[in-house]
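I have placed the structure first, in the form of structure tokens, so that the comments after it can refer back to it.
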Amino acid sequence: MPRLSYLKALHRALADELERDPAVCVFGEDIGVGVNNVTSGLLQRFGSSRVVDMPLSEQAFTSFATGAAMAGRRPVIEFQIPSLLFLVFEQIVNQAHKFSLMTGGQTAVPVTYFLPGSGSRAGWAGQHSDHPYSLFAHAGVKTAVPATPTDAYGLFVSAIRDPDPVVLFGPSGSLGVSEDVDFATLAPVPLGVGRVHRPGTDVTVVALGHLVQTALAVAEQLSDQVSVEVFDPRTVYPFDWAGLAASLARTGRLVVVDDSNRFCGFGGEVVATAAEGMRLIAAPRRVTRPDGAVLPFAPELDSALQPGQDQLTNAVLEVVKNA
């Protein structure tokens, strides 16, 4: 069975959708040369009218994509670094996201905002290491963070086909992941449907993106002491609350590992919602970046501020011990 890497899965999904639907087009900086290895070869294959290198003005071409979508196209925008999403937050949240709601559904804005390499990369420092998926979920924008190559393919396809704006984060820590795949089985993955990567009976660990691999490593490490279920929501918004409730019905304990700053982060929302109406027999725990974290250039400090395997292991053991 062939191997499929995370990056190749993203490339394959984008190429398949360009082939399938002539309304799909791609905007971004240096996408003609495939600077992030996702758009490589697409300019030559589909032409400059559909794979468009844009000038260095993210606000301009993000707004341009909104107009193109309202005129019947399905733009995919590639951003090179996560902090650029702060720059275009107004265009995404206040314009593209709200048009269909403010027109009673008469106007669709099917734009996919795509970031291959979100979160920290070693030594990229404070202005290149953000992971702002919580911000878009808070605003009600559909937001996906795939963990595996098959989910990267399926969620990217679903995002492109969706009638609403979707932000898709491809975490830096996931880009090197690969798996054996029968290409004939690759298919869209519905937004809002989670996945249990490993069943368990003692504690549920909720993890997104590259942290799914961290959670699986902890589950294996503790397998002779604790039965850990790893639940991957796959989309931050809409969140699969029914899937989480089913998992907690089995385990009764919850730990969330979240590559966001702790205050007002995704992890806090998961913990609060679970506490309000799901089965818990112990106080839940979060493993996150610190409050107000800005990741530094020094690799040791960068690593120290990110949620990691040791922190997650301690949180799992604490939840089980205190039940």
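The values are calculated or read from the model by the stated rules, or taken from the named source; none is laboratory data. Remember, predicted model here, so these are calculated numbers, not experimental data. Every residue, glycine among them, receives a Cβ derived from its backbone with ideal geometry; neighbour counts consider all protein chains shown. Ligands, DNA and RNA are stripped out before the accessible areas are found, and what is left, the full protein with its side chains, is counted by its heavy atoms. Shrake-Rupley method; radii C 1.70, N 1.55, O 1.52, S 1.80 Å.
Values as computed for the structure displayed
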| quantity | calculated |
| --- | --- |
| Anchor residue 98: lysines whose Cα lies under 22 Å away (excluding residues fewer than 8 positions away in-chain) | 142 |
| Chain lengthening between residue 1 and residue 298 when straightened (0.36 nm per residue, less Cα-Cα) | 102.9 nm |
| Value of [θ]222 nm, deg cm²/dmol, for the chain, DSSP H segments ≥ 4, -39500 (n - 2.57) each, nearest 500 | -10500 deg cm²/dmol |
| Estimated distance in nm for a label pair at residue 122 and residue 318, the labels positioned 7 Å out from Cα along Cα-to-Cβ | 2.9 |
| Inter-part distance where the range 1-68 and the range 232-285 are each reduced to a Cα centre, Å | 34 |
| Among 188, 233, 171, residue whose mean-square fluctuation peaks in a GNM of the chain (springs only between Cα atoms under 10 Å) | 188 |
| Listed peptides 149-158, 20-29 by packing density, highest first (mean Cβ within 10 Å) | 149-158, 20-29 |
| Helix 211-221 vs. the chain, principal-axis angle (Cα, 0 to 90°, nearest 10) | 30 |
| Highest-MSF residue in the chain out of 278, 102, 54 [GNM, Cα springs under 10 Å] | 102 |
| Computed lengthening from residue 250 to residue 48, 0.36 nm per intervening residue step minus Cα-Cα distance | 67.5 nm |
| Normalised per residue, the volume of the convex hull around the Cα set of the chain (Å³) | 132 |
| The range 36-144 - Rg and Dmax from Cα coordinates, angstrom | 14.6, 46 |
| With 5 Å bins from 0: P(r) over the range 238-323, alpha-carbon pairs, percent | 3, 15, 22, 22, 18, 10, 6, 3, 0 |
| Kirkwood Rh in Å, taken over all unlike Cα pairs in the range 218-267 | 12.5 |
| Cα-only radius of gyration and Dmax that characterise the range 159-294, units Å | 15.3, 46 |
| Computed FRET value (nearest 0.05) for residue 98 with residue 37, which takes r as the C-beta separation and R₀ as 35 Å | 0.55 |
| Span from the the range 182-206 Cα centroid across to the the range 150-175 one, whole angstrom | 14 |
| Inter-part distance where the range 103-140 and the range 295-323 are each reduced to a Cα centre, Å | 24 |
| Portion, in percent, of the accessible area of the range 220-271 that falls on carbon or sulfur, probe 1.4 Å | 52 |
| Amide proton proximity set for residue 142, modelled H, under 5 Å, gap of 5+ | 167 |
| Under 5 Å, built H, 5+ apart or other chain: amide partners of residue 254 | 204, 285 |
| Nearest-20 debye value, the chain charge dipole, Cβ charges on Lys, Arg, Asp, Glu | 480 |
| For the range 278-283, Karplus couplings with θ = phi - 60° (6.51, -1.76, 1.60), whole Hz, Gly/Pro x | 10, 6, 9, 10, 8, 5 |
| Compactness of the range 134-218 - radius of gyration and Dmax, Cα, Å | 13.5, 39 |
| Amide H partners (placed H, <5 Å) of residue 260, local residues excluded | 289 |
| Nearest-0.05 FRET efficiency for residue 196 and residue 224, computed from C-beta distance (R0 22 Å) | 0.60 |
| Listed residues 230, 294, 51, most fluctuating in the chain (Gaussian network, C-alpha, under 10 Å) | 294 |
| Helix 6-20 axis, angle to the chain major axis (alpha carbon atoms, nearest 10°) | 40 |
| Label point distance in nm, residue 241-residue 107, each placed 7 Å from Cα along Cα→Cβ | 3.0 |
| Tail weight of P(r) past 15 Å, computed on alpha-carbon pairs of the range 1-59, percent | 49 |
| Tail weight of P(r) past 21 Å, computed on alpha-carbon pairs of the range 93-188, percent | 42 |
| Rounded tilt (10° steps) of 58-70 against the dominant C-alpha axis of the chain | 80 |
